[in-house]
Amino acid sequence: MLFEAVQCGDLPRVATLLDGGVDVNGRDDKFFNTALHRAVFAKENRLELVDLLVGRGADCNALNKKYLTASELALETKQDELAKRMILRETEHLANHLAYYLLIRRGNLQLFEYLISIKRLKYEDEILIIAKAYAELRLKNVPLKEHMEAYLNEILINHDYWLINSGGGGRGRQRKDRVQNVHRIREIIENVRELFAKYDNHNLMDVDSIFLLRLSYILENIFFIRNHYKELPLHHVEFCIEPARRAESLGRKRNARAIPGVCLFYHGTKNSKDSTPSKRIV
C-alpha cells in the first residue's frame, strides 16, 4: 500500500501509513526498490515525498536490483534537481566528515559535486575533510570506483601544488618541491601500469572514459614536472621517470629509496653548466 501511495504522490496517505507503522525501508519484490526509489516515479509531489520519507528514516544508501541508490536512480532518469534534493536531505543532519565519507564511498561524481555545492565549506576545511575521509576508506580497504579515486587524487595533488606555490622559499620550499615531484612520478608510473594492464594495441580504438581520465592525469603530472623546471625538455622528464620506473620493478623496499634519489639527483644537475643531466642512475 505504501508503494502505491508514493507512486500516486499522495502525501497525506503516505504520512498516515508511516504513522501506522509501515516500514519506510520495505522493498518491492520485482525491482527491490524502496519507497524512496519509488518517489522518483511519483506522479506528483516528488520533492515533498523525498522530504517526508527521508525525515521518517528512509535509507538513502539502499540499493535496488540495479545496484542504484534512489539519488542515482534520479540521475539516471535525468531528474538532477530531485537527486540534489535527496543529497540535501540525506546529509543536512550529518557531520561533514560522515557526509563526505558516504558520498565518496558511493562513488558518483555528480552526487559528490552536489554535496560540495550544498555544504559550501571553506576551501581548506573541505580539503582536510576530503583527505581524512579518503584516508579512512583506504585504511579500511573499501574499494572505490576508479573515476572517484582519480578525481580525489587530482584534487589533493592540486592542493599540494597550491600549498607549495603559496609558501615561502629556501630549503623548506626545495624539500616540498622534491616531495611533490616524487609523488607525481609515482602517480605517473602507477597510472601507466594500469593502462598497460587493461589496454593493448588491439583495443585502443575502444577506449572508455576511464582510459581518457587516466591519460589526462598522466599528462597533467608530466607537464607539471616539466613546467616546474621552467619548460624542461620532455626527454629530461623521461630521464626522471625511467629510472624511477625501473626502480619500481625492483621491489617496494628498494623503490622507497630509489625514487627520491632520482629526484634529488636531478635537483643537483638541473642548474649545472651542462643542461643535459648525466645518464647515471642514483
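Can you say whether Arg89 is in contact with an Asp or Glu (Cβ under 8 Å, 6 or more places away or on another chain) and open to solvent by 40 Å² or more (accessible area, probe 1.4 Å), as far as the supplied structure shows? Criteria met by Arg89. Please verify whether region 191-199 includes one or more residues that are of a type in the set (Gly, Ala, Ser), more than 17 Å from the chain's Cα centre (by Cα) and modelled with pLDDT of 70 or more. Checked region 191-199: at least one residue is of a type in the set (Gly, Ala, Ser), more than 17 Å from the chain's Cα centre (by Cα) and modelled with pLDDT of 70 or more.
Any idea which residue in region 200-212 is most open to solvent (accessible area, probe 1.4 Å), counting only those that are at pLDDT 75 or above and not β-branched (Val, Ile, Thr)?
Let us first name the residues in region 200-212 that are at pLDDT 75 or above, namely 210-212.
Then keep just the ones that are not β-branched (Val, Ile, Thr); that gives 211-212.
Numbers: Phe211: 29, Leu212: 98 Å².
This residue is Leu212.
Annotation note: Cβ proximity below 9 Å between a residue of region 191-211 that is part of a helix (DSSP H, G or I) and a residue that is at pLDDT below 65 (sequence gap 6+ or interchain) occurs for Val192/Ile241; Val192/Arg245; Arg193/Arg245; Arg193/Glu248; Phe211/Leu204. For region 85-92, the count of residues that are basic (Lys, Arg) and at pLDDT 90 or above is nonzero. Where helices (runs of 4 or more DSSP H) sit wholly within region 1-98, those with at least 3 residues that are basic (Lys, Arg), closer than 29 Å to Lys122 by Cα and without any contact (Cβ under 8 Å) to a residue 40 or more places away in the chain occupy 80-91. Being at negative phi, aromatic (Phe, Trp, Tyr) and in contact (Cβ under 8 Å) with a residue 12 or more places away in the chain is not true of Tyr123.
Would you check if there is a residue in region 106-118 being of a type outside the set (Lys, Arg), touching a helix residue (DSSP H, G or I) at 6+ places or on another chain (Cβ under 9 Å), modelled with pLDDT of 90 or more and part of a loop (DSSP other than H, G, I, E, B)? Scanning region 106-118, I find at least one residue that is of a type outside the set (Lys, Arg), touching a helix residue (DSSP H, G or I) at 6+ places or on another chain (Cβ under 9 Å), modelled with pLDDT of 90 or more and part of a loop (DSSP other than H, G, I, E, B), so the answer is yes.
Does at least one position in region 129-146 carry a residue that is farther than 30 Å from Leu195 by Cβ and either touching a Phe, Trp or Tyr at 6+ places or on another chain (Cβ under 7 Å) or surrounded by 17 or more Cβ atoms within 10 Å (Cβ to Cβ) (or both)? Yes, some residue in region 129-146 is farther than 30 Å from Leu195 by Cβ and either touching a Phe, Trp or Tyr at 6+ places or on another chain (Cβ under 7 Å) or surrounded by 17 or more Cβ atoms within 10 Å (Cβ to Cβ) (or both).
The values are calculated or read from the model by the stated rules, or taken from the named source; none is laboratory data. Because the structure is predicted, anything quoted here is derived from the model rather than measured. All Cβ positions, even for glycine, are placed from backbone atoms using ideal geometry, and neighbour counts span all protein chains on display. Remember, those area values only see protein heavy atoms, side chains included, never the ligands or the DNA or RNA. Shrake-Rupley method; radii C 1.70, N 1.55, O 1.52, S 1.80 Å.
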